[in-house]
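Contents: one structure, followed by commentary.
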Amino acid sequence: MDASQIYNVIVIAIIVVLFIVFFLTNRKAKNKKLTPLAAIAFAFVIAGIVFGENRPVGYSLLFVGVALAMADIVLRMKKSNRG
């Protein structure tokens with residue numbers, strides 16, 4: 001086995017473990033819908049990945065997406081503390 005095959009086996013093992021953890025924790029959690037702000041943030045992150053060849057544009061889109069996601073988290077925390 002050469003180094004690339006070992007790397008591939010490790011990556012596949014990590015993906016399998018992540019799927020197992022996701023499915024075990026997902027059944028216990030409530031189904032939470034995506035907020036409109038989180039959906040927009042997700043779209044910006046995906047656009048940043050798609051337009052990643054042009055680094056300034058890609059990084060700018062990723063930054064906007066992460067900033068919107070963090071704003072959504074803060075808004076959700078404030079909302080849950082009120083009621």
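Just a few scattered comments:
- Members of region 24-42 that are touching a residue at least 24 places away in the same chain (Cβ under 8 Å) and open to solvent by less than 70 Å² (accessible area, probe 1.4 Å): Thr35, Leu37, Ala38, Ala41
- Sub-7 Å Cβ pairs linking a first residue in region 64-83 that is without any contact (Cβ under 8 Å) to a residue 24 or more places away in the chain to a second residue that is in a helix (DSSP H, G or I) and open to solvent by less than 100 Å² (accessible area, probe 1.4 Å), at least 6 apart or interchain, are Val64/Phe44, ordered by first then second residue.
- Qualifying position, being surrounded by 13 or more Cβ atoms within 10 Å (Cβ to Cβ), β-branched (Val, Ile, Thr) and under 17 Å from the mean Cα position of the chain (by Cα), among Val21, Val45, Val50: Val45
The values are calculated or read from the model by the stated rules, or taken from the named source; none is laboratory data. Nothing here was measured: the structure is a model prediction, and the numbers come from that model. All Cβ positions, glycine included, derive from the backbone under ideal geometry; neighbour counts span all protein chains shown. Just so you know, the surface numbers come from the protein's heavy atoms only, side chains and all, with ligands and any DNA or RNA stripped out. Shrake-Rupley method; radii C 1.70, N 1.55, O 1.52, S 1.80 Å.
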